[in-house]
1. Dipole of the stretch B:2-246, Cα-centred, from +1 at each Lys and Arg C-beta and -1 at each Asp and Glu C-beta, to the nearest 20 debye?
2. Once fully extended, how much extra length lies between B:A86 and B:V187, figured as 0.36 nm per residue of separation less the alpha-carbon to alpha-carbon distance?
3. Using Cα positions and a limit of under 19 Å, work out the lysines in reach of A:K9, with same-chain residues fewer than 8 apart set aside.
4. Report, as an integer, the average count of C-beta atoms from other chains found within 10 Å of each Cβ along A:98-107.
5. Sorted by mean Cβ packing within 10 Å, highest first, what order do the peptides A:112-125, B:129-142 take?
6. What angle, in degrees between 0 and 90 and rounded to the nearest 10, separates the Cα long axis of helix B:156-170 from the longest principal axis of the Cα atoms of chain B?
7. Calculate how steeply helix B:2-15 sits against the longest principal axis of the alpha-carbon atoms of chain B, using the helix alpha-carbon long axis, and give the answer as 0 to 90 degrees to the nearest 10.
8. Using helices alone, I'd like the mean residue ellipticity at 222 nm for chain B: each DSSP H run of four-plus residues gives -39500 (n - 2.57), total over residue count, nearest 500.
Amino acid sequence: MIHVSNLSKSYRVHRRPPGLAAALRSLVRRKYENVHAISELSFDIAPGERVGFLGPNGAGKTTALKILSGLLYPTSGKVTVGGFTPHERRTDFLRSITLVMGQKQQLLWDLPPAETFAMNRALFDLPKREAAAIQNELVELLQIGPLLGKPCRQLSLGERMKCELVAALLHRPKVLFLDEPTIGLDVSMQSQLRNFIRHYNETTGATILLTSHYMADVAALCPRVIVIDKGRLIYDGDLKALVRRIRPEKRITLHFSSVPAPGSLDRLGNCVSHSESQAIMSVPAAQVTDAVRAALEQLPIADISVEDPPLEEIMREFLGGERPGTGGGTP
Amino acid sequence: MVAYRSEFLVWILSMNMPLVMMALWTAVAADGPVGRFGQRDFVSYYLGMFIVRILAGSWLVWELTMEIRSGTLATRLLRPIHPLWAFSATQLAAVPMRVIVLSPLVVVLYWVAGARLPLHDPARVAIVVAAIAGAWLLLFLVMAIIGMLAAYVESALSVFDLWLAAQSILSGFLVPLELMPAWVARVARVLPFRYILGFPVETLIGLESNATALRDLGVQWLFIAGALVATIALWRRALRRFAAFGG
């Protein structure tokens, strides 16, 4: 569905030092430098996949999404999405994709969302009845019925984001580019949107490429991740495999019914944090069963849970130093 | 709502500049005609100017420069319709509202001040309609071209200010061109400004014969053809540059 081969994108940027003298000098002699936003990026995404596109700020994620959605021209390399070259922006291509940017909006600011939906129905030339059915389904899933007649400027961020999604999905796109779709939303709203995105993918078979700084989005939605840094690919493969490589340990969270004896945690593994009522232990994956058994036998356990280390921590460690290379997990 | 009302008021006032010029020139002509313009001719001329501005006005340049600089043009680029079609639809949709709001004023001026709008000849009406449509299209395309410069220069609106300065003199907006020195009027005939305002107004109030108006209509549409070619060529190039302002 998405094919990216040796994609590069560079910008010519004017640079000057601060101050009046530098400003005047730059009127006569301007200094430019080339900034390489993306370098030799290659990957393929199969139809129906949900892929997380990760990297630190300035890594080139949004630039790549904009190239894939036809907003930017690549400097070099080959990109196809559903068989189309995005920057040619053919009508059939634009009908088959959508780009949702958490920090930009397509809703008409002064009018109720229903007006944007009606406009999109006309722009995408959707049959009235079909569009109404899709709209009703999306409105019901996202529970935004009461918002349809309210001016967009009076909606909360979360309400607006839900309406943005409806506007972006009315034409049933086959490819969704989601750039920080949950940014600024509270935890409950994030969860609702994630469920909705997953539902859309499962019911329509749409391909999803998602960027997010909330690792919970990625963990909940994306079995596969593509990680880039400074415009270069540094990992492409299974998210769980990445987690295992970076942090082969599991986290065991122990909740105590009474204060455990001093030193009693030492035998279980590395203690990440502990208080009188709770301790978090880091244990090699192969020893989790033994550690849990020992904890249940030797400690006053009220509750116990086993999880992977937080994805934020793993990404921080990954992007901060260790580089396992591409995972080779591209389907 | 207060913001909308005040914005609306500012718009009405800015549309009324021809009426200010009308008052000024009718006062000047009180002592006798200026060229072949008597008081009634000035009323007709500036009422015609007012009508042409209602029907053929555009604000594309402000919208386009703002959208390029802020990156919001991206939203339009994702829709399966060319952004210039979408812009043109928005702007044309505003014409009926302008007509409804401002037509009472036109009617009052027509009856009270005794303007002349000789539109009895169907051929003349057809030329006037084509001239006003052409004026709208030419201004729209010029604004598109200058607006797209926002992808290249930091202040495309300053370029448009230069255009406006030249247009106010060479289009007949401030002074009817035939009252200008002969060489200015000659120069104005070969520049596009007159075909945005002066020409449709002169045709509307019957200052030109049908034959002359038809010839000028041809010139107007030649300018439109040139502007269209420039718009298409510049649009493609500007989109490549839009990268830097992607937002």
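Please treat every number below as a calculation from the coordinates, not as lab data. Source: prediction; values computed, not measured. Here the Cβ positions follow ideal geometry from the backbone for every residue, glycine too, while neighbour counts run over all protein chains shown.
1. Numbers: 18 positive and 12 negative charges, 118 e Å.
It comes to approximately 560 debye.
2. Details: separation 101, 0.36 × 101 = 36.36 nm, distance 3.47 nm.
Result: 32.9 nm gained on full extension.
3. Here the lysines satisfying the reach criterion relative to A:K9 are A:K61, A:K66, A:K78, A:K230.
4. Details: counts 1, 4, 1, 5, 0, 2, 6, 2, 6, 1.
The per-residue average across the peptide is 3.
5. Values: A:112-125: 18.2, B:129-142: 22.1.
So the order, starting with the most tightly packed, is B:129-142, A:112-125.
6. It is inclined by approximately 20 degrees.
7. Tilt of helix B:2-15: around 50 degrees.
8. Numbers: 11 runs with 179 residues, N = 247.
Calculated at 222 nm, the ellipticity per residue is -24000 deg cm²/dmol.
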